[in-house]
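Student: Structure below; questions to follow.
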Amino acid sequence: MRSDLWSEILQLTAEHLLLVLYAMTLAIAMGVPLGIYLSRKEAARPWLLGFASVMQTIPSLALFGFLIPIPFIGGIGKRTVIVALVLYALLPILRNTFVGILGVEAAICESAVAMGMTDGQLLRQVQLPLAAPTIMAGIRVATVTTIGTATIAALIGGGGLGVFIFRGVSSLDTAQILAGAVPAALIALAADGGLGWVERKLSPA
Amino acid sequence: MTLVEFRGVSYEIAGRSILRDLSLSVEAGETLVLLGRSGSGKTTALKMINGMLFPTRGQVLVDARPTTDWDPIKLRRRIGYVIQEVGLFPHFTIGDNVGLVPKLEGWSAADIENRVNLLLDRLGMPPADFRLRYPRQLSGGQRQRVGVARALAADPPLLLFDEPFGALDPVMRLELQQQFLSLRRDFQKTSIFVTHDLREALLLGSKIALLTGGRLDAVAPPQEFRRVRTDEARAFLACLDN
């Protein structure tokens, strides 16, 4: 019984981590380029930021509910969970990317342009390196939130540590709730610490 | 030989007129000072030379070609640019900051290193001490020297200065002004220099163009500027007396 619980904890933790990993990979792959695009296209800002903000205001439970009936991305299972997690993680990454780029001191960008840098050189050699700590902060916030939100995945058959929590809640079993909540909290703390370290490493000062 | 020419240049933005019908030319070897109060349009005029801004009417010619016909990247790499805030890259070493344009232009590493060493040396910053430092480790005066070295790096025929010494203390400012004069003797560059300080204009300019409200008020060499009788020139000259 004991060893059963431990192996289940391990298995669900791995499942949980994998959900977060997939979701964050997709969110970064979409959020950073979209943030760069926003830094170049002022007209697109209200639309994209508005969309991402609206996504974040939908209660997570409701978002899962909305997604289930949608063909291709919806249904019961991991795919729906990942889509929802990506939609949540998008805003902090997107926003921090473009805020980080626009936050680079105007005199530095002006010099870069006046020295004859192309827009691509300005972006790769100046703006992205200087915005990196801000972008990383967005990724860190998004990751920590995603680790927490991913517990709801269990509700629509996505697995992960939420399985323990929902089982514990329905059977009034505190041990089960803790078996889900403690590992989730530890993962979140570790992610916060690890990504915070990377963030500090990227800071020039 | 005329290096830069403004032909009836006007610039308007959001219904506000910044420059009105400016015509002015800069000959090779000259140091033209654009003198004026804040908001007189002098910085706007400067930014039209390297294609950071374009006239809404009229033309700016560089090497007898309108800036609108130039590839802006090519144009800017032939023009050094120094601004008050310096704008060094904080994540680049001093050496990499100075060698920026040569690197963009595809010079060999050895050529870049030689050029960087020469310029740092020339500006009184021993390369062995300064090359590998970062901008935040330098004083304001040292940073501006690096800014000047960066502008000179690819040996451009033309240099633009936008109040480069405005943020420095008076002692440092005078030191850099003297250095500017000695660099000009050695490098024989054409320069266009924006300032609101008549003393600086008289010291550095070979020709002073006074702007007011976006219009050209007077043009005179420094030794004749004291005899200019426009209201704006008198207002500036009055500052000299106290």
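The values are calculated or read from the model by the stated rules, or taken from the named source; none is laboratory data. Quick caveat, the model's predicted, so the values are computed rather than measured. Cβ sites come from the backbone with ideal geometry, for glycine too, and all protein chains shown count toward neighbours. SASA here: full protein model, heavy atoms, side chains in, ligands and nucleic acids out. Shrake-Rupley method; radii C 1.70, N 1.55, O 1.52, S 1.80 Å.
Student: Confirm whether A:Gly159 is farther than 30 Å from B:Leu104 by Cβ, touching a Gly at 6+ places or on another chain (Cβ under 8 Å) and at pLDDT below 95. I'd like the intermediate steps shown before the answer.
Tutor: Values: farther than 30 Å from B:Leu104 by Cβ: yes; touching a Gly at 6+ places or on another chain (Cβ under 8 Å): no; at pLDDT below 95: yes.
Against the criterion (farther than 30 Å from B:Leu104 by Cβ, touching a Gly at 6+ places or on another chain (Cβ under 8 Å) and at pLDDT below 95), A:Gly159 does not qualify.
Student: Across segment B:63-72, which residue is nearest to B:Met1 (Cα to Cα) among those that are within 14 Å of chain A (Cβ to nearest Cβ) and either assigned to a helix (DSSP H, G or I) or at pLDDT below 95 (or both)?
Tutor: The initial filter retains those residues of segment B:63-72 that are within 14 Å of chain A (Cβ to nearest Cβ), namely B:67, B:70-72.
Restricting the remaining residues to those that are either assigned to a helix (DSSP H, G or I) or at pLDDT below 95 (or both) gives B:67, B:72.
Details: B:Thr67: 17, B:Pro72: 22 Å.
Per the criteria, the residue is B:Thr67.
Student: Further, regarding this structure: Hey, any hits in segment A:89-100 for a residue that's within 14 Å of chain B (Cβ to nearest Cβ) and surrounded by 22 or more Cβ atoms within 10 Å (Cβ to Cβ)? Break it down stepwise before answering.
Tutor: Pass one, segment A:89-100, residues within 14 Å of chain B (Cβ to nearest Cβ): A:100.
Within this subset, residues satisfying the condition of being surrounded by 22 or more Cβ atoms within 10 Å (Cβ to Cβ) are A:100.
Yes: segment A:89-100 contains one or more residues that are within 14 Å of chain B (Cβ to nearest Cβ) and surrounded by 22 or more Cβ atoms within 10 Å (Cβ to Cβ).
Student: Residue under question is B:Val60, and the condition is that it be farther than 15 Å from B:Val4 by Cβ and buried (at least 22 other Cβ atoms within 10 Å of the Cβ); does it hold?
Tutor: No: the conditions fail for B:Val60.
Student: Still on this model: In segment B:1-38, what residues are within 25 Å of B:Glu200 (Cβ to Cβ) and either without any contact (Cβ under 8 Å) to a residue 40 or more places away in the chain or among the polar types (S, T, N, Q) (or both)?
Tutor: Hits for segment B:1-38 are B:Thr2, B:Ser23, B:Ser25, B:Thr31, B:Ser38.
Student: Could you list, in sequence order, the residues of segment B:182-196 that are within 28 Å of B:Ser23 (Cβ to Cβ) and either open to solvent by less than 20 Å² (accessible area, probe 1.4 Å) or within 14 Å of the chain's Cα centre (by Cα) (or both)?
Tutor: B:Arg184, B:Lys189, B:Thr190, B:Ser191, B:Ile192, B:Phe193, B:Val194, B:Thr195, B:His196
Student: May I ask you to verify whether B:Ala154 is buried (at least 22 other Cβ atoms within 10 Å of the Cβ), farther than 22 Å from B:Thr43 by Cβ and in contact (Cβ under 8 Å) with a residue 60 or more places away in the chain?
Tutor: yes
Student: Given the condition open to solvent by less than 50 Å² (accessible area, probe 1.4 Å), assigned to a helix (DSSP H, G or I) and either within 14 Å of chain B (Cβ to nearest Cβ) or modelled with pLDDT of 95 or more (or both), answer yes or no: does some residue in segment A:69-86 qualify?
Tutor: Within segment A:69-86, not a single residue is open to solvent by less than 50 Å² (accessible area, probe 1.4 Å), assigned to a helix (DSSP H, G or I) and either within 14 Å of chain B (Cβ to nearest Cβ) or modelled with pLDDT of 95 or more (or both).
Student: Okay, moving on. For B:Val171, state whether it is within 14 Å of the chain's Cα centre (by Cα) and either in contact (Cβ under 8 Å) with a residue 24 or more places away in the chain or open to solvent by 10 Å² or more (accessible area, probe 1.4 Å) (or both).
Tutor: Taking the combined requirement at face value, the residue does not satisfy it.
Student: A follow-up question, please. Can you find even one residue in segment B:100-116 that is assigned to a loop (DSSP other than H, G, I, E, B), among the hydrophobic types (A, V, I, L, M, F, W, C) and over 20 Å from the mean Cα position of the chain (by Cα)?
Tutor: Looking through segment B:100-116, at least one residue is assigned to a loop (DSSP other than H, G, I, E, B), among the hydrophobic types (A, V, I, L, M, F, W, C) and over 20 Å from the mean Cα position of the chain (by Cα).
Student: Okay, next question. Name the residue that is surrounded by the fewest Cβ atoms within 10 Å (Cβ to Cβ), counting only residues in segment A:12-53 that are touching a helix residue (DSSP H, G or I) at 6+ places or on another chain (Cβ under 9 Å) and aromatic (Phe, Trp, Tyr).
Tutor: It comes out as A:Phe51.
Student: Here's another thing I want to ask about it. Take A:Ala132 and tell me if it is open to solvent by less than 40 Å² (accessible area, probe 1.4 Å), in contact with a helix residue (DSSP H, G or I) (Cβ under 6 Å, 6 or more places away or on another chain) and within 14 Å of chain B (Cβ to nearest Cβ).
Tutor: Against the criterion (open to solvent by less than 40 Å² (accessible area, probe 1.4 Å), in contact with a helix residue (DSSP H, G or I) (Cβ under 6 Å, 6 or more places away or on another chain) and within 14 Å of chain B (Cβ to nearest Cβ)), A:Ala132 qualifies.
Student: From the set of residues in segment B:76-117 that are without any contact (Cβ under 8 Å) to a residue 60 or more places away in the chain and at the interface with another protein chain (Cβ under 8 Å from one of its Cβ atoms), which is surrounded by the fewest Cβ atoms within 10 Å (Cβ to Cβ)?
Tutor: If we take residues in segment B:76-117 being without any contact (Cβ under 8 Å) to a residue 60 or more places away in the chain and at the interface with another protein chain (Cβ under 8 Å from one of its Cβ atoms), then B:Pro90 is surrounded by the fewest Cβ atoms within 10 Å (Cβ to Cβ).
Student: Could I ask something else about it? Have a look at A:Leu189, A:Leu195, A:Leu202 and point out the one that is within 14 Å of chain B (Cβ to nearest Cβ), over 30 Å from B:Gly80 (Cα atoms), surrounded by fewer than 22 Cβ atoms within 10 Å (Cβ to Cβ) and not acidic (Asp, Glu).
Tutor: Just one listed residue meets the conditions, A:Leu202.
Student: Another question about this same structure. Read through the list (1) among the small types (Gly, Ala, Ser); (2) assigned to a helix (DSSP H, G or I); (3) more than 14 Å from chain A (Cβ to nearest Cβ), then give the number of the only condition that B:Ala149 fails.
Tutor: In the conditions (1) among the small types (Gly, Ala, Ser); (2) assigned to a helix (DSSP H, G or I); (3) more than 14 Å from chain A (Cβ to nearest Cβ), B:Ala149 misses (3) alone.
Student: While we're on this one: When you look at A:Arg140, is it part of a helix (DSSP H, G or I), modelled with pLDDT under 95 and either more than 24 Å from A:Glu42 (Cβ to Cβ) or among the acidic types (Asp, Glu) (or both), yes or no?
Tutor: The answer is no for A:Arg140.
Student: Could you check, for segment B:127-148, whether at least one of its residues is at positive phi, surrounded by 16 or more Cβ atoms within 10 Å (Cβ to Cβ) and either among the charged types (D, E, K, R) or touching a Leu at 6+ places or on another chain (Cβ under 6 Å) (or both)?
Tutor: no
Student: I would also like to ask the following. I need the full set of residues from segment B:39-63 which are touching a residue at least 40 places away in the same chain (Cβ under 8 Å) and aliphatic (A, V, I, L, M), in order please.
Tutor: B:Ala45, B:Leu46, B:Met48, B:Ile49, B:Leu53, B:Val60, B:Leu61, B:Val62
Student: Go through A:Gly120, A:Gly116, A:Gly180, A:Gly158 for me and flag whichever is away from chain B (no Cβ under 14 Å) and either more than 18 Å from the chain's Cα centre (by Cα) or in a helix (DSSP H, G or I) (or both). Steps first, answer last, please.
Tutor: Numbers: A:Gly120 fails: away from chain B (no Cβ under 14 Å); A:Gly116 fails: away from chain B (no Cβ under 14 Å); A:Gly158 fails: either more than 18 Å from the chain's Cα centre (by Cα) or in a helix (DSSP H, G or I) (or both).
The match here is A:Gly180.
Student: Quick one: which of B:Leu210, B:Leu198, B:Leu216 is over 19 Å from B:Ile83 (Cα atoms) and touching a helix residue (DSSP H, G or I) at 6+ places or on another chain (Cβ under 7 Å)?
Tutor: Answer to the selection: B:Leu210.
Student: Does A:Phe64 count as aromatic (Phe, Trp, Tyr) and outside any helix (DSSP H, G or I)?
Tutor: no
Student: Next up: Quickly run through segment B:1-57 and pick out the residues that are more than 12 Å from the chain's Cα centre (by Cα), in a loop (DSSP other than H, G, I, E, B) and surrounded by 22 or more Cβ atoms within 10 Å (Cβ to Cβ).
Tutor: B:Ser40, B:Gly41, B:Gly51, B:Pro55
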